[in-house]
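Just below is one structure, and these are the notes that go with it.
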Amino acid sequence: KWAHHFEQTNDSIQILAWGTVMSRIVHVVGTGTIGEPLIGLLCHLKDQLGIDEVTFNKRSPNLTDRSKVKTLLDRGAKLSTAEDTISGFEKIGIRPSFVTRDAIERSSVVIDCTPSGAGLTNKEEYYQTASGVKGFVAQGSEFGFGKMYARGINDDALIPGKDRYLHVVSCNTH
């Protein structure tokens, strides 16, 4: 989107940067135990949180996951996947909105909910080159992803504008 002024939508102001309207897009990677409910929650609270759009990435077009993905789409989220899996999703009646890299690069924040190790791979393959993304967050078992953070425990350790990669520690962090 191109604009020459600030635009206000649903009580949130979209930020103007170099002639481009920057939307508040949250992208969730993974639709498992953490990702699926997070995507649903973000869609449900989108207006209250000031989120313009929720997108999510799913790697495999499993027929057994079709109802889960369709429910997330019905709730307003948009699907991304790798270019080579688009046809697989289309075969099960789901049309992705974006390819993985494009969905990541247009996001404000990326929350990686993939199993242990995949977040580090995603960081290397996608995140480090996505310079427009303000921040990346990975779940508890992703050691080495970024600064370890636990809300209310080490809030003072965060450096705004510098800490782009956060590793959210939890009871699963060993």
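Whenever a residue of the range 101-112 is at pLDDT 95 or above, its partners that are buried (at least 18 other Cβ atoms within 10 Å of the Cβ) and among the basic types (Lys, Arg), lying with C-beta atoms within less than 8 angstrom and at least six residues away or across chains, give the pairs SER108/ARG24; ASP112/LYS123. Could we say that GLY30 is in contact (Cβ under 8 Å) with a residue 12 or more places away in the chain, surrounded by 14 or more Cβ atoms within 10 Å (Cβ to Cβ), of a type in the set (Gly, Ala, Ser) and on the phi > 0 side of the Ramachandran plot here? Criteria met by GLY30.
Entry remark, the range 37-51: residues being in a helix (DSSP H, G or I) and either over 24 Å from VAL133 (Cβ atoms) or out of contact with any helix residue (DSSP H, G or I) (no Cβ under 8 Å at 6 or more places or on another chain) (or both) number 7 in total.
Just to be sure I understand, how many residues within the range 52-64 are under 15 Å from the mean Cα position of the chain (by Cα), part of a loop (DSSP other than H, G, I, E, B) and crowded, with 19+ Cβ neighbours inside 10 Å? Lay out the reasoning, then the answer.
Restricting attention to the range 52-64, the residues satisfying the condition of being under 15 Å from the mean Cα position of the chain (by Cα) are 52-59.
Checking the rest, the ones that are also part of a loop (DSSP other than H, G, I, E, B) come to 52, 58-59.
Narrowing the set further to residues that are crowded, with 19+ Cβ neighbours inside 10 Å leaves 58.
Residues flagged as under 15 Å from the mean Cα position of the chain (by Cα), part of a loop (DSSP other than H, G, I, E, B) and crowded, with 19+ Cβ neighbours inside 10 Å within the range 52-64 amount to 1.
Could you please find all residues in the range 66-107 being assigned to a loop (DSSP other than H, G, I, E, B), open to solvent by 10 Å² or more (accessible area, probe 1.4 Å) and more than 14 Å from LEU42 (Cα to Cα)?
Step one: list which residues in the range 66-107 are assigned to a loop (DSSP other than H, G, I, E, B), which gives 75-77, 82, 92-97, 106-107.
Pick out the ones that are also open to solvent by 10 Å² or more (accessible area, probe 1.4 Å) and you get 75-76, 82, 92-93, 95-97, 106.
ALA82, ILE92, GLY93, ARG95, PRO96, SER97, ARG106, listed by residue number.
The values are calculated or read from the model by the stated rules, or taken from the named source; none is laboratory data. In this text the structure is predicted, and so the values were computed from the model without any measurement. All Cβ positions, even for glycine, are placed from backbone atoms using ideal geometry, and neighbour counts span all protein chains on display. We work out accessible area using only protein heavy atoms, side chains counted, and drop any ligands, DNA or RNA first. Shrake-Rupley method; radii C 1.70, N 1.55, O 1.52, S 1.80 Å.
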